[in-house]
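Where a number appears in this text, it was derived from the coordinates with a stated rule and is not lab data. No experiment lies behind these values; they were computed from the predicted model shown. FYI the Cβ positions are ideal-geometry reconstructions off the backbone, even for glycines, and counts take in every protein chain you see.
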Amino acid sequence: MLDEIFSAGSSPEFAKSVPLIIVCMFIGVVAAACVSLYHKHVLGSFIRFLRASGACDESTAIPLNKTKFDKNVFVRAAIKNGRTYSCVLRSVLPDDAPAPEKLSGKEKRRAKNLLLSQSGYYIPEELSFRADNVFSKQGTSVFSALFGILIFLIVAAVSLIIVPDIVQLFKNLTGLV
């Protein structure tokens, strides 16, 4: 049906790219919803745990290996890359921290993983408001994400049906090819 609507004989060149633009926008909306859900629910659970545990300074920092998030690959990766949590999370190295730089190969990787697990993590009081805003569950739920995707899908489908008619109307009114 779309091939007939956007065939070479009935539509100007710019109208042929409308379906591609709408599909790309739909992919962008789905990706944004997935990233938002991942950020709020998966990564946010660690931040909410720290806030609920009262880890607000170096003396109350909680080591990762003392939490249920020690084996969570997503949380560990977010701590390792340093960008996701950098706006709110602070860490404290253990007193007997090994220096992984002096080691080589697998030993270095093991030492870094051990250091990651043994380091204590906390959210300073001055960053608690930001942590609550960025990582709270409020505002983004699975239902709202699916609802947003459904609404966009409906708008996209209507656009694919109506836009060719509008282009044809414009073509008839102006006499453009």
Prolate/oblate/rounded call for the stretch 29-119, Cα gyration tensor, a/c under 1.5 rounded: oblate
Protection-proxy order for peptides 71-77, 168-174, each taking the mean of Cβ atoms within 10 Å per residue, highest first: 71-77, 168-174
Between 157, 61, 33, where does the largest GNM mean-square fluctuation fall for the chain, given springs only between Cα atoms within less than 10 Å? 157
Just one of [x] 40, 22, 14; [y] 52, 19, 12; [z] 34, 17, 15 is semi-axes √(5λ) of the Cα gyration tensor in Å as worked out from the coordinates here. Which one is it? [y]
Count of lysine pairs, the stretch 13-170, Cα-Cα under 28 Å, sep. 8 or more residues or interchain, comes to 29
Using the Cβ atoms and a cut-off under 11 Å, what net charge is assigned to the surroundings of residue 92, where Lys and Arg are +1 and Asp and Glu are -1? -2
Counting Lys +1, Arg +1, Asp -1, Glu -1, what net charge surrounds residue 137 among other residues with beta carbon under 15 Å of its beta carbon? +2
